[in-house]
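Participant: My structure is below; once you've seen it, I'll send some questions.
The values are calculated or read from the model by the stated rules, or taken from the named source; none is laboratory data. All values derive from a computational prediction rather than experimental measurement. Glycine also receives a Cβ, built like all others from the backbone with ideal geometry; neighbour counts cover every protein chain displayed. Calculation scope for accessible area: heavy atoms of the full protein, side chains included, ligands and nucleic acids excluded. Shrake-Rupley method; radii C 1.70, N 1.55, O 1.52, S 1.80 Å.
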Amino acid sequence: MHPTNQRVLDAVTAAGIEPRMVFLDEHARTAALAAAQIGCEVGAIANSLVFDSDGEPLLVMASGAARVDTDLIASTVGAGRVERASAAFVREATGMAIGGVAPTGHPARLRALVDVELEQYEEIWAAGGTPDTVMALRYPDLVRLTGGTPVRVR
């Protein structure tokens, strides 16, 4: 197991959530690729998107079916600007590469928002720290795990 996967599993377990990590046959760097391998709706994929919010990292857990409205997010968090972060910014904030960013296991807890559209799914899937791993979660567990605020992202 990759050390990043172990770090994520340790953080999930420490939060009192029973981890269920799945190792995929191929890398799934997009929600559509992950959904196809898992056999779920694209909307049930919880994308871990890191944004640059006035120079600070902001984790947005968005449904794979959603396109995040950065103006809405900026208004929601009271930021002057929110924009997609660079790969280097994401790695520095999370210790993970884009396409595999988990909702937890980062060097420090990130400010987080959780898409309310994910609540409709009994089971949601988030990255497990590498592009070839995912983990099954329930919406309340995702909110608790990230310490995130449930919001509309589009």
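Participant: Any chance you could count how many residues in the stretch 67-76 are of a type in the set (Val, Ile, Thr), in contact with an Asp or Glu (Cβ under 9 Å, 6 or more places away or on another chain) and open to solvent by less than 40 Å² (accessible area, probe 1.4 Å)?
Facilitator: Filtering the stretch 67-76 down to residues of a type in the set (Val, Ile, Thr) leaves 68, 70, 73, 76.
Filter once more, so that each one left must be in contact with an Asp or Glu (Cβ under 9 Å, 6 or more places away or on another chain): 68, 70.
Adding the requirement that they be open to solvent by less than 40 Å² (accessible area, probe 1.4 Å) leaves 68.
Qualifying residue count for the region: 1.
Participant: Does Ala97 count as out of contact with any strand residue (DSSP E or B) (no Cβ under 6 Å at 6 or more places or on another chain) and surrounded by 14 or more Cβ atoms within 10 Å (Cβ to Cβ)?
Facilitator: Details: out of contact with any strand residue (DSSP E or B) (no Cβ under 6 Å at 6 or more places or on another chain): yes; surrounded by 14 or more Cβ atoms within 10 Å (Cβ to Cβ): yes.
So Ala97 passes the test.
Participant: Of the conditions (1) more than 24 Å from Gly43 (Cβ to Cβ); (2) in contact with a strand residue (DSSP E or B) (Cβ under 7 Å, 6 or more places away or on another chain); (3) surrounded by 20 or more Cβ atoms within 10 Å (Cβ to Cβ), Val90 fails just one. Which one is it?
Facilitator: Result: Val90 fails condition (1) only.
Participant: Taking the condition touching a residue at least 60 places away in the same chain (Cβ under 8 Å) and open to solvent by 20 Å² or more (accessible area, probe 1.4 Å), does Arg144 pass? Can you show your working first?
Facilitator: Details: touching a residue at least 60 places away in the same chain (Cβ under 8 Å): yes; open to solvent by 20 Å² or more (accessible area, probe 1.4 Å): yes.
Criteria met by Arg144.
Participant: Moving on to the next point. What do you reckon, is Arg20 among the charged types (D, E, K, R), in contact with a Pro (Cβ under 7 Å, 6 or more places away or on another chain) and open to solvent by 40 Å² or more (accessible area, probe 1.4 Å)?
Facilitator: Values: among the charged types (D, E, K, R): yes; in contact with a Pro (Cβ under 7 Å, 6 or more places away or on another chain): no; open to solvent by 40 Å² or more (accessible area, probe 1.4 Å): yes.
No, not satisfied.
Participant: Follow-up. Being of a type in the set (Ser, Thr, Tyr) and crowded, with 21+ Cβ neighbours inside 10 Å is the requirement here; does Thr149 meet it? Walk me through how you get there before you give the answer.
Facilitator: Values: of a type in the set (Ser, Thr, Tyr): yes; crowded, with 21+ Cβ neighbours inside 10 Å: no.
The answer is no for Thr149.
Participant: Give all pairs with beta carbons closer than 7 Å in which a residue from the stretch 37-66 that is farther than 17 Å from Ala126 by Cβ and open to solvent by 20 Å² or more (accessible area, probe 1.4 Å) meets a residue that is assigned to a loop (DSSP other than H, G, I, E, B) and of a type outside the set (A, V, I, L, M, F, W, C); count only pairs at least 6 apart in sequence or on separate chains.
Facilitator: Pairs that qualify, where the first residue is farther than 17 Å from Ala126 by Cβ and open to solvent by 20 Å² or more (accessible area, probe 1.4 Å) and the partner is assigned to a loop (DSSP other than H, G, I, E, B) and of a type outside the set (A, V, I, L, M, F, W, C), are Asp54/Gly80; Asp54/Arg81.
Participant: Quick check, is Ala102 hydrophobic (A, V, I, L, M, F, W, C), on the phi < 0 side of the Ramachandran plot and touching a helix residue (DSSP H, G or I) at 6+ places or on another chain (Cβ under 7 Å)?
Facilitator: Yes.
Participant: Okay, next question. In the stretch 5-54, how many residues are within 24 Å of Val77 (Cα to Cα) and either part of a loop (DSSP other than H, G, I, E, B) or at pLDDT below 95 (or both)? Can you show your working first?
Facilitator: Let us first name the residues in the stretch 5-54 that are within 24 Å of Val77 (Cα to Cα), namely 43, 45-54.
Keeping just the survivors that are either part of a loop (DSSP other than H, G, I, E, B) or at pLDDT below 95 (or both) gives 54.
Of the residues in the stretch 5-54, 1 are within 24 Å of Val77 (Cα to Cα) and either part of a loop (DSSP other than H, G, I, E, B) or at pLDDT below 95 (or both).
Participant: A follow-up question, please. When you go through Arg154, Arg111, Arg84, Arg138 one by one, which is the residue that is free of Cβ contacts under 8 Å to residues at least 24 places away in the same chain, surrounded by fewer than 18 Cβ atoms within 10 Å (Cβ to Cβ) and either over 12 Å from Val60 (Cβ atoms) or not β-branched (Val, Ile, Thr) (or both)? Outline the logic, then answer.
Facilitator: Values: Arg154 fails: free of Cβ contacts under 8 Å to residues at least 24 places away in the same chain; Arg111 fails: free of Cβ contacts under 8 Å to residues at least 24 places away in the same chain; Arg84 fails: free of Cβ contacts under 8 Å to residues at least 24 places away in the same chain.
When all the criteria are applied, what remains is Arg138.
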